[in-house]
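First the structure, in the form of structure tokens, and then the observations on it.
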Amino acid sequence: MRANIYTGLFTDGISSELPTSEDREGFILICHTGTARFNYFHREYSVRSRDIIILFPGDIYTLDHPSQNFNCSWVIFSAEVMEKVLHNIPSTFFSHIADYPVYNLDENSQYQNRMSYLTLLSQTQTQSENVCLSEIMHSLLRAMFLEIYNRVVSKRSIAADEPKNRRRILDEFVTLVSATPRKREVAYFAERLCITPKYLSTVVADGTGFGAKEFIDRNAVETIKQMLRTTTLSVKQIAERLDYAGSGNLCRFFKSRTGQTISEWIETER
């Protein structure tokens, strides 16, 4: 299976493999030595030794002006991979990273920890005959993100300026969507949260960049993919378990959201 995750080490400048803003992929980058300039949504950062940059797919940025001794390691991941590895992580984490995409790994243990994941990802990437390659790399990347998430939470820095009620609504919405995959209507979740569908959509859009319906549908697609990937259930059985009106309805939904039929998607995963 294809992992859709790429890692590397580059020196003396910016590698041609590093994604540009046109590629719209995400990455985690750790600077070892030297400096570079990172521009992100019109904010400029000076990247230095032991700085880590976290960028999600679709973000607008430039990374340039490296010093002669600029040296760093990185992992690149697609939007599809992001949906898999960050599944169920509270959306306030994304808002925090958007506000603080660069920070310094000032403690040696943090630096060594993050680098250990990049090393394992790089080593695993070469195991082309490993039948579980994709799952292992996704798990490693998710574990790395969880370490980053834990640091943010432990420093009590997640969305400190966000109104507590809106943050609570968003976190409860994300939890409910994950816990009730049979439900896919905004009105259902709004009723559970005792707010209007319009207000829920506003809160979700502000916190995630997606409308409430799009967020629900993305979760639904990921749930279908997980069941196809990890169970032996047929499409008909999956449709029954998730309360779709038949396998045809599920297949049409999947294609409308991914641009692929289920058979085509399964083929790309091999």
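The values are calculated or read from the model by the stated rules, or taken from the named source; none is laboratory data. Not measured: the values here are computed from a predicted model. Quick reminder, even Gly has a Cβ in these numbers, built from the backbone with ideal geometry, and neighbours come from all protein chains shown.
The table that follows gives values for the structure above.
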item: Residue match in the range 174-191 (condition: within 30 Å of Leu105 (Cα to Cα), surrounded by 13 or more Cβ atoms within 10 Å (Cβ to Cβ) and in contact with a strand residue (DSSP E or B) (Cβ under 7 Å, 6 or more places away or on another chain)); result: no
item: Residue match in the range 196-217 (condition: modelled with pLDDT of 85 or more, assigned to a loop (DSSP other than H, G, I, E, B) and more than 21 Å from the chain's Cα centre (by Cα)); result: no
item: Any hit, the range 149-156, residues being modelled with pLDDT of 85 or more, part of a loop (DSSP other than H, G, I, E, B) and among the polar types (S, T, N, Q); result: no
item: Those residues of the range 120-148 which are surrounded by 15 or more Cβ atoms within 10 Å (Cβ to Cβ) and either over 19 Å from the mean Cα position of the chain (by Cα) or at pLDDT below 90 (or both), in sequence order; result: Leu120, Leu121, Ser122, Thr124, Gln125, Asn130, Leu133, Ser134, Glu135, Ile136, Met137, His138
item: Count - residues of the range 62-105 that are outside any loop (DSSP other than H, G, I, E, B), closer than 29 Å to Ser178 by Cβ and not acidic (Asp, Glu); result: 16
item: Contacts under 8 angstrom Cβ, first residue in the range 36-63 being more than 24 Å from Arg142 (Cα to Cα) and touching a residue at least 60 places away in the same chain (Cβ under 8 Å), partner aliphatic (A, V, I, L, M) and assigned to a strand (DSSP E or B), 6 or more apart; result: Phe38/Val47; Phe38/Ile53; Phe38/Leu63; Phe38/Val102
item: Selected residue (only one of Ala239, Ala220 is surrounded by 13 or more Cβ atoms within 10 Å (Cβ to Cβ), under 18 Å from Glu83 (Cβ atoms), hydrophobic (A, V, I, L, M, F, W, C) and at pLDDT 90 or above); result: Ala220
item: Odd one out for Thr202, checked against (1) of a type outside the set (Asp, Glu); (2) more than 19 Å from Lys255 (Cβ to Cβ); (3) surrounded by 18 or more Cβ atoms within 10 Å (Cβ to Cβ); result: (3)
item: Single match in Arg184, Arg168 (criterion: touching a helix residue (DSSP H, G or I) at 6+ places or on another chain (Cβ under 6 Å), more than 23 Å from Ile52 (Cβ to Cβ) and outside the structural domain of Tyr61 (by TED's automatic domain parsing)); result: Arg184
item: Checklist (1) over 22 Å from Leu120 (Cα atoms); (2) modelled with pLDDT of 85 or more; (3) aliphatic (A, V, I, L, M) applied to Ile60, failing item; result: (2)
item: Scope the range 236-266; condition free of Cβ contacts under 8 Å to residues at least 24 places away in the same chain, assigned to a loop (DSSP other than H, G, I, E, B) and touching a Lys or Arg at 6+ places or on another chain (Cβ under 6 Å); matching residues; result: Thr261
item: Output for the range 197-233, where each listed residue is of a type in the set (Ser, Thr, Tyr) and free of Cβ contacts under 8 Å to residues at least 12 places away in the same chain; result: Tyr199, Thr202, Thr230, Thr231, Thr232
item: Matching residues in the range 106-119 - criterion: being surrounded by fewer than 17 Cβ atoms within 10 Å (Cβ to Cβ) and in a helix (DSSP H, G or I); result: Asn108, Ser109, Gln112, Asn113, Met115, Ser116, Thr119
item: Those residues of the range 189-205 which are polar (S, T, N, Q) and touching a helix residue (DSSP H, G or I) at 6+ places or on another chain (Cβ under 7 Å), in sequence order; result: Thr196, Ser201
